[in-house]
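Accompanying notes for the structure given below.
The values are calculated or read from the model by the stated rules, or taken from the named source; none is laboratory data. This structure is a prediction, so every number in the text was calculated from the model and none was measured. Here Cβ is always computed from backbone atoms with ideal geometry, including for glycine, and neighbour counts include all displayed protein chains.
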Amino acid sequence: MSTKKSSGSGAKLSPAGHRWNVASRTLLAVAGGYAITAMATASLGLALPLPRAQAVMAATLFSFALYCALVIWAYSAATARRAWSVAAVLAALPAAHLAFRWVAA
Amino acid sequence: MNGLGFRQANSWLHTWSGLLLGWLLYAVFVTGALSFFRDEISFWMQPAQHASVAHAEAPQRAVDTMQAMAPDASLWSITLPGPRNPTTQVRWFEQGERRSKFGGQSAVLDGTTAQPLQERASRGGDFLYRFHFELYGMPRILARWIVGIATMMMLVAIISGVITHKKIFVDFFTFRPRKGQRSWMDVHNALAVLALPFHFMITYSGLLLLMFMLMPWGVDSAYGGDRQAFFSERGNRTAASAPAPAADKTPAALTAIGPLVRQAQAKWPNGVEQITVTDPGTNLATVELRERGAGSLLDRGRSGRMLFDGASGALLESPEQARPDAFSAIYNVFSSLHLLRFADTWLRWLFFIGGVLGSAMVASGMVLWVVKRLPQRRKQGSHLGHRLVESLNVASIAGLPIAIAAYFWANRLLPVPMQARADWEINAFFIAWLACLAHACFRPHRKAWKEQLGALALLLALLPLHDLLRGGGSLLAAVSHGSWVAAGMDFALLAFAALSAAGVYFLRPAQAKAGKRAPAPAEGIEGVSP
C-alpha cells in the first residue's frame, strides 16, 4: 500500500458530496466507458488498414482492454470533472469519424 | 477519486468492484473450474457405466450394434471411447427426422462389448458447465449478459489489483501468519500473483467468447448489421455439406469400419473421436470420421475429417484446413485455452488447479473485506451491511461447494426410475444452497463457517465411501481394470474433503491454538495458522 501523502487537486468532500462524486464517476465508468468503447470499436473496424473482417476482429479483440482502461481512468482522475472532460475528448475522435461516415453514406 | 492518489484510487476500485460481484464471480470460477472436467463428472454420475473399458474393436462392434438396433435410421453418430470417457455413445435419427445435436434417440454402449448400458437421468457435468455462463432458470441471453458484466468487473479488479500492489513480486514471498488482516492480505496476494497469467487469460478469453454479444458494434458498423456476412467473410465456418445425390437408394452392405479407422489413425495422432454414418445399409451410405481433439490452437483445435463411401470404403474427401488470419488466430488461441477441448489429462489438471486458485483468490478477497472492517465494527457495534457480507461470504464460499456435493449425493441416492429425476438432482443443489444461506444468516459468523466447512468435509469424504459400500465403486474399477476416470473424481472429492477439514481445524477455538493469543470473540475469523 502506498504511504505517499495524497496529492492532486481534489479536496476532501462532505459525505453527500462523496456520494455524488462516486455516482458521477460510476456513470462515466459504466455507461460512458461502454459508449466510448462501442464507438471506438465501430470506428476502428472501419478505419484499420486491414481486410474488413480482420479489422473488425482486431478492434473487437482490443475493445475490452480499452473499456478496462476507461473504467480505471474514471475512478483515478483527480476530480470527477477532469475524468469527464478527458473522456469527452477521447470520445470526440471516433464520434466525428462515425458521424462523417454516416453523413457520407 | 478526489483526494486519492492513483494507487489508492485503484485500491478503492479494486475493493468495491471485487465486493459487488465477488459472490457471482466465485460461483462462476468454481463451476468453471469443474467444467474443465465436464465429461469426467458426467461419467462419474453414471455409476452403472464405470466398469466399461475401451477396446480396440469398439468401432466395428458399435456399428454391429447399430445395425441390430437401428437398421433403418437415416443417420448414426458414434462417439468412440476415449481417455475422458471409456464408453461408446451413440445417437441415431429416423428417416425424415430433423438432425439436431441433442435430438433423435441415444444410448450408451459398453466400450468392449458394445452392449447398451443402464443410464440414469442426470444432467451430469453439463449442469455445472451451463451454470458457469448461463446460470439457471433465466433467459439464456440475460444470464450471459450478467456473467459478461461480472467478467468485465473481474478484468477491472485484476488490473486495478495489480496497480494497487507496487511491490507485487516481494509481496508474493511475504507471509505473516497470525497477523489477522495482514495474513489474509498475504494469502490473497499470493493466490493472485501465483496464477496471475491464468487469471488474466481466463478472464479476457471469457470476454472474448461472449464478444459478439457484448461488443457487436464493430461487426454491425462494418457490415451494416449483417453478422452472417462477417462470419462467412472471416471464413471460419464449415461449409454446408454437399446435397444428396439424386441416385436411387438400393440396399447395400456397409463396408467394414476397422480398416477405415486404421487409415485415419495413421494420419491423426490422437485417433478417431466420432463416426457418422448416413443412410446406413444403402448404396448411398457415407462414413465420416472425425479426429479426436488436439489440433493446433491457431484453428481453435478444430478437428480434421475424412469422408468415405459407405459401400465401397473408398476415400471421398479429406479436406485440408485453411490457415486463419492473425486476429482470428489470436481469438482462436484465447478461446481454445478457455474451452480446453484440446488438452490431455495433465494440462487439464493444471488448468483445474488454476481455476481452484482463482476461486480461492476471489474468496480470500471477500474474507479480507470482512476482516479489514472488524476492528471498526468492534468499536462501533454491529452493522447490517457488514453482517450481510459476512453471511453471504459463508453461504457462497462454503455453501456453493455444499450445494455441489448435494447435487452429487442426489445423483447417488435418488431412485433410478424416478419421475423428473434429473430435475430433482438440480433441485437438491438449490435446496442445499438455500439452506446454507439460512444457516449463515442465523448462526454466529465463526460457528457458521465451522459448521458449514465441517458439513462439506463429511459430504465429500463420504461419497467415495458410499460407492465402495454399494459394491462397485470407481476405486475398484481403477485397480481391477486400470480405468482411472471415475477414480480421479473420487480422489479429488477426498482432497477437497481434507481441505475443508483443514478449514475446520483452523477455526478451532483460539485458546486451543499453540501460540497464546488474546482469545478472539465468537464472531470473526482473523488469524491464519501456517
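Looking at the structure I just gave you, is residue B:328 touching a Phe, Trp or Tyr at 6+ places or on another chain (Cβ under 8 Å), at pLDDT below 90 and not in a loop (DSSP other than H, G, I, E, B)?
Numbers: touching a Phe, Trp or Tyr at 6+ places or on another chain (Cβ under 8 Å): no; at pLDDT below 90: yes; not in a loop (DSSP other than H, G, I, E, B): yes.
It is false that residue B:328 is touching a Phe, Trp or Tyr at 6+ places or on another chain (Cβ under 8 Å), at pLDDT below 90 and not in a loop (DSSP other than H, G, I, E, B).
Using the structure shown, decide if residue B:502 is crowded, with 19+ Cβ neighbours inside 10 Å, at pLDDT 75 or above and not acidic (Asp, Glu).
On the way: crowded, with 19+ Cβ neighbours inside 10 Å: no; at pLDDT 75 or above: yes; not acidic (Asp, Glu): yes.
It is false that residue B:502 is crowded, with 19+ Cβ neighbours inside 10 Å, at pLDDT 75 or above and not acidic (Asp, Glu).
Just checking, which of A:80, A:11, A:40 is more than 17 Å from residue B:13 (Cβ to Cβ) and at pLDDT below 95?
Working: A:80 fails: more than 17 Å from residue B:13 (Cβ to Cβ); A:40 fails: at pLDDT below 95.
The conditions single out A:11.
Restricting the search to segment B:296-321, which residues are under 20 Å from residue B:250 (Cα atoms) and either at pLDDT below 70 or in a loop (DSSP other than H, G, I, E, B) (or both)?
B:310, B:311, B:312, B:313, B:314
Taking segment B:95-112 as the region of interest, how many residues are surrounded by fewer than 20 Cβ atoms within 10 Å (Cβ to Cβ), modelled with pLDDT of 85 or more and touching a strand residue (DSSP E or B) at 6+ places or on another chain (Cβ under 8 Å)?
3
Among (1) at pLDDT below 85; (2) over 18 Å from residue B:10 (Cα atoms); (3) within 28 Å of the chain's Cα centre (by Cα), where does residue B:175 come up short?
Every listed condition holds for residue B:175 apart from (3).
Say we look at segment A:46-86 and pick out the residues that are closer than 19 Å to residue A:20 by Cβ and small (Gly, Ala, Ser); which of these is surrounded by the most Cβ atoms within 10 Å (Cβ to Cβ)?
In this case the residue turns out to be A:74.
Determine which single condition residue A:25 fails, assuming it passes every other condition in (1) more than 10 Å from chain B (Cβ to nearest Cβ); (2) basic (Lys, Arg); (3) surrounded by 23 or more Cβ atoms within 10 Å (Cβ to Cβ).
It is condition (1) that residue A:25 fails.
Mind checking which residues of segment B:67-80 are part of a loop (DSSP other than H, G, I, E, B) and of a type in the set (Gly, Ala, Ser)?
Matches in segment B:67-80: B:70, B:73, B:74.
Return yes or no: is residue B:64 outside any loop (DSSP other than H, G, I, E, B) and either free of Cβ contacts under 8 Å to residues at least 60 places away in the same chain or not small (Gly, Ala, Ser) (or both)? First the steps, then the outcome.
On the way: outside any loop (DSSP other than H, G, I, E, B): yes; either free of Cβ contacts under 8 Å to residues at least 60 places away in the same chain or not small (Gly, Ala, Ser) (or both): yes.
For residue B:64, the condition - outside any loop (DSSP other than H, G, I, E, B) and either free of Cβ contacts under 8 Å to residues at least 60 places away in the same chain or not small (Gly, Ala, Ser) (or both) - is met.
Would you pick out the residues in segment B:67-83 that are of a type outside the set (S, T, N, Q), in contact (Cβ under 8 Å) with a residue 12 or more places away in the chain and under 16 Å from residue B:115 (Cβ atoms)?
First pass over segment B:67-83, keeping only residues of a type outside the set (S, T, N, Q): B:68-73, B:75-76, B:78, B:80-83.
Going one step further and asking which of them are in contact (Cβ under 8 Å) with a residue 12 or more places away in the chain, we end up with B:69-73, B:75-76, B:78, B:80-83.
Within segment B:67-83, B:69, B:70, B:78, B:80, B:81 qualify.
Just the residues that are of a type outside the set (A, V, I, L, M) and in a helix (DSSP H, G or I), please, taken from segment B:475-507.
Going residue by residue through segment B:475-507, those that are of a type outside the set (A, V, I, L, M) are B:480-484, B:488, B:490-491, B:496, B:500, B:503, B:505-506.
Once the filter is applied, which keeps residues that are of a type outside the set (A, V, I, L, M) and in a helix (DSSP H, G or I), segment B:475-507 yields B:480, B:481, B:488, B:490, B:491, B:496, B:500, B:503, B:505, B:506.
If a residue has to be without any contact (Cβ under 8 Å) to a residue 40 or more places away in the chain, in contact with a helix residue (DSSP H, G or I) (Cβ under 7 Å, 6 or more places away or on another chain) and under 21 Å from residue B:41 (Cβ atoms) to count, how many in segment B:121-142 make the cut? Can you show your working first?
Taking segment B:121-142 and keeping what is without any contact (Cβ under 8 Å) to a residue 40 or more places away in the chain, we get B:130, B:134-135, B:137-140, B:142.
Those still in the list that are in contact with a helix residue (DSSP H, G or I) (Cβ under 7 Å, 6 or more places away or on another chain) too: B:134-135, B:140.
This time we only want the ones that are under 21 Å from residue B:41 (Cβ atoms), so: B:134-135.
Residues meeting the conditions: 2.
Being outside any loop (DSSP other than H, G, I, E, B) and of a type in the set (Lys, Arg) is the filter; apply it to segment B:201-260 and report the residue that is modelled with the lowest pLDDT.
To start, the set of residues in segment B:201-260 that are outside any loop (DSSP other than H, G, I, E, B) comprises B:201-209, B:211-214, B:217-222, B:227-234, B:251, B:257-260.
From the residues that got through so far, the ones that are of a type in the set (Lys, Arg) too are B:227, B:234.
Details: B:227: 87, B:234: 83.
Filtering first and then ranking leaves B:234.
Note down all Cβ pairs under 8 Å where the first residue falls in segment B:436-451 and is closer than 17 Å to residue B:501 by Cα, the second is in a loop (DSSP other than H, G, I, E, B) and β-branched (Val, Ile, Thr), and they're at least six residues apart or on different chains.
Here the result reads B:446/B:525; B:449/B:525, each pair linking segment B:436-451 to a residue that is in a loop (DSSP other than H, G, I, E, B) and β-branched (Val, Ile, Thr).
Do we have residue B:18 as out of contact with any Cys (no Cβ under 8 Å at 6 or more places or on another chain), without any contact (Cβ under 8 Å) to a residue 60 or more places away in the chain and within 14 Å of another protein chain (Cβ to nearest Cβ) here? Give the steps one after another, and end with the answer.
Numbers: out of contact with any Cys (no Cβ under 8 Å at 6 or more places or on another chain): yes; without any contact (Cβ under 8 Å) to a residue 60 or more places away in the chain: no; within 14 Å of another protein chain (Cβ to nearest Cβ): yes.
Against the criterion (out of contact with any Cys (no Cβ under 8 Å at 6 or more places or on another chain), without any contact (Cβ under 8 Å) to a residue 60 or more places away in the chain and within 14 Å of another protein chain (Cβ to nearest Cβ)), residue B:18 does not qualify.
Each row is one residue, and each column tells you yes or no for (1) closer than 19 Å to residue B:17 by Cβ; (2) more than 8 Å from every other protein chain (Cβ to nearest Cβ); (3) under 12 Å from the mean Cα position of the chain (by Cα).
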residue: A:32; (1), (2), (3): yes, yes, yes
residue: A:36; (1), (2), (3): yes, yes, yes
residue: A:46; (1), (2), (3): no, no, no
residue: A:61; (1), (2), (3): no, no, no
residue: A:66; (1), (2), (3): yes, yes, yes
residue: A:74; (1), (2), (3): yes, yes, yes
residue: A:78; (1), (2), (3): no, no, no
residue: A:81; (1), (2), (3): no, yes, no
residue: A:96; (1), (2), (3): no, yes, no
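Looking at (1) farther than 20 Å from residue B:350 by Cβ; (2) assigned to a helix (DSSP H, G or I); (3) at pLDDT below 90, which one does residue B:472 not meet, given that it meets all the others?
For residue B:472, the exception is condition (2).
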